[in-house]
Amino acid sequence: MMTLTQMACAVLNTADGREKTALSRGFAAQWSTARAAGDDVEIGTCSPPDMPARPKTPELRAPRDVPRRKTGSIEGRNALLHAVAHIELNAVDLHWDLIARFSHIQMPLGFYDDWVKAADEESKHFNLMCDCLEAHGSFYGAMPAHAGMWRAAQDTQSDFLGRLAVVPMVLEARGLDVTPGMIRIF
Ligand SMILES: [Fe+2]
């Protein structure tokens, strides 16, 4: 079996969203099976890319240059679904990046179990959002997306505690804050 950080780097270096999440889910299954069986597992080390590989589309633009659409229309709802798919894909990379980038700091295995499980869930979310977009005549990559999404990761590249704080308390928290409004729209 590959080391966990080798798995992380393989996910980060895969550009296509569906391929990235398929790898991510496969690795998560391998990891949890090995852990449940009590097999020897290794965290290892790898050098994650500064920016994860991404597909040619969506075109990444500054937030102010991403067109806003009225949410009352099918296009508007697709634009919202597209934005969420983009967030989920960033979340997949963010989880594997955390595993790879801070592997020099030894953490208990349960720490990695949790991040792998969350990465698996984010991968599932991305696929669900893509399925939904495709069911409504669109797809991930059909419109521009925010370029700034990796900013929090870059800002905490060498700050493990900062990264651990910013993922749940800023990024995920913001996601939860906007959820009631999104439920009303749909
Ligand atoms: Fe998610």
Quiz item: Restricting the search to the range 36-67, which residues are assigned to a loop (DSSP other than H, G, I, E, B) and touching a Gly at 6+ places or on another chain (Cβ under 9 Å)?
Solution: ARG54, PRO55, LYS56, THR57, PRO58, GLU59, ALA62
Quiz prompt | Unmet criterion (only one of (1) surrounded by 14 or more Cβ atoms within 10 Å (Cβ to Cβ); (2) of a type outside the set (Asp, Glu); (3) over 12 Å from VAL92 (Cα atoms)) for LEU12 | solution = (3)
Practice problem: Report yes if some residue within the range 173-185 is farther than 26 Å from ALA10 by Cβ, among the hydrophobic types (A, V, I, L, M, F, W, C) and touching a Ser or Thr at 6+ places or on another chain (Cβ under 7 Å); otherwise report no. | Solution: yes
Exercise. Exactly one condition in (1) among the hydroxyl-bearing types (Ser, Thr, Tyr); (2) modelled with pLDDT of 95 or more; (3) touching a helix residue (DSSP H, G or I) at 6+ places or on another chain (Cβ under 7 Å) is not met by THR33; state its number.
Key: (3)
Quiz item: Residue check: is THR33 more than 24 Å from ASP159 (Cα to Cα) and in a loop (DSSP other than H, G, I, E, B)?
Solution: no
Practice problem: Please verify whether the range 93-101 includes one or more residues that are away from the ligand (no atom under 16 Å from the Cβ), touching a Phe, Trp or Tyr at 6+ places or on another chain (Cβ under 7 Å), under 26 Å from VAL41 (Cα atoms) and at pLDDT 95 or above. | Solution: yes
Exercise. Under 6 Å between Cβ atoms, at least 6 apart or on separate chains: pull out the pairs that start in the range 57-84 with a residue that is of a type in the set (Ser, Thr, Tyr) and end on any residue that is modelled with pLDDT under 90.
Key: THR71/ILE185
Quiz item: Pick from GLY44, GLY110: which is more than 15 Å from the chain's Cα centre (by Cα) and on the phi > 0 side of the Ramachandran plot?
Solution: GLY44
Self-check item: Answer residue from the range 102-119, given it is under 15 Å from LEU12 (Cβ atoms) and in contact (Cβ under 8 Å) with a residue 40 or more places away in the chain and is nearest to the ligand (Cβ to nearest atom) among those
Solution: ALA119
Quiz item: Any idea which residue in the range 122-146 is farthest from the ligand (Cβ to nearest atom), counting only those that are within 16 Å of VAL92 (Cβ to Cβ), aliphatic (A, V, I, L, M) and touching a helix residue (DSSP H, G or I) at 6+ places or on another chain (Cβ under 7 Å)?
Solution: ALA145
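The values are calculated or read from the model by the stated rules, or taken from the named source; none is laboratory data. On a predicted model such as this, the values are computed, not experimentally measured, just so you know. Note that we place each Cβ from the backbone using ideal geometry, even for glycine, and neighbour counts take in every protein chain shown.
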